[in-house]
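Q: I am attaching a structure below and will ask some questions about it afterwards.
Derivation of every value follows stated rules applied to the coordinates shown; laboratory data play no part. Remember, it's a predicted structure, so these values are computed and weren't measured experimentally. Glycine also receives a Cβ, built like all others from the backbone with ideal geometry; neighbour counts cover every protein chain displayed.
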Amino acid sequence: MGVITHESQGTSVIPPARFFKAFILDNDNNLIPKVLPQAIKSTEIIEGDGGPGTIKKITLGEGSQFRGKTSVLGSNAKHRTDVTDPEHCTFCFSVIEGDALSDKLQSISNETKIEASPEGGSILKSTSKYQTKGDFQLTGEQIQAGKGKVSELIKASC
């Protein structure tokens, strides 16, 4: 078993607090279904109140471009919210079950931090840690396939 870490960064013209609210707090219930209705079929809170410890089941739409065997997103997943900190624009969650993990990954943990950019918008910094099972080696291509889909969601949301 090993851990592979991947970091990425993106920018937006939207200020950090507003971007955090739209992309983190409202994304799967309000924003994504309106902007990309084919992307997410449903989001269901299985346990919790939306804060840390909450478990969500996310099902992607049948025709979604964000769904597929090469995507880290898969067709469904269970996410556990680990940290929600609007004051510091930080959000952490873990993929704990679903297609994204298959039989190769134990879990995926994600940390997102949104900071102010010098131009007045936001810088989104994301760190993902993939905990593999056995001697499985996750390739950069597999990580990029999933990260590319997430980047598309961010761009569409802005």
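Q: What nm distance separates the two modelled labels at Asp135 and Glu87, each placed 7 Å from Cα along Cα→Cβ?
A: In this crude label model, Asp135 to Glu87 measures out at 4.9 nm.
Q: Okay, next question. I need Leu105, Leu25 ordered by Cβ neighbour count within 10 Å, fewest first.
A: The order, fewest Cβ neighbours first, is Leu25, Leu105.
Q: Let me ask something additional. Between Gln106 and Asp26, take the C-beta separation as r, use R0 = 30 Å, and let me know the FRET efficiency to the nearest 0.05.
A: Computed FRET efficiency for Gln106 and Asp26: 0.50.
Q: Give me Phe91, Phe20 sorted ascending by neighbouring Cβ count inside 10 Å, so fewest comes first.
A: Going from sparsest to densest Cβ surroundings: Phe91, Phe20.
Q: In nanometres, what is the gap between the two model label sites at Ile96 and Glu44, each 7 Å from Cα along Cα-to-Cβ?
A: Modelled inter-label distance: 1.7 nm.
Q: In what sequence do Leu60, Leu101 fall when counting other Cβ within 10 Å, fewest first?
A: Going from least to most buried by this count: Leu101, Leu60.
Q: Any chance you could run the full-extension gain for Glu119 through Val3? It's 0.36 nm times the residue separation minus the Cα-Cα distance, nm to one decimal.
A: 38.3 nm
Q: In addition: Could you list, in their original order, any pairs among Lys78/Lys125; Lys21/Lys57; Lys104/Lys129; Lys57/Lys129; Lys56/Lys104; Lys78/Lys113 whose Cα atoms are separated by more than 18 Å? Walk me through the numbers before you get to the answer.
A: Numbers: Lys78/Lys125 22 Å; Lys21/Lys57 20 Å; Lys104/Lys129 14 Å; Lys57/Lys129 20 Å; Lys56/Lys104 21 Å; Lys78/Lys113 21 Å.
Violating the 18 Å limit, Cα to Cα: Lys78/Lys125; Lys21/Lys57; Lys57/Lys129; Lys56/Lys104; Lys78/Lys113.
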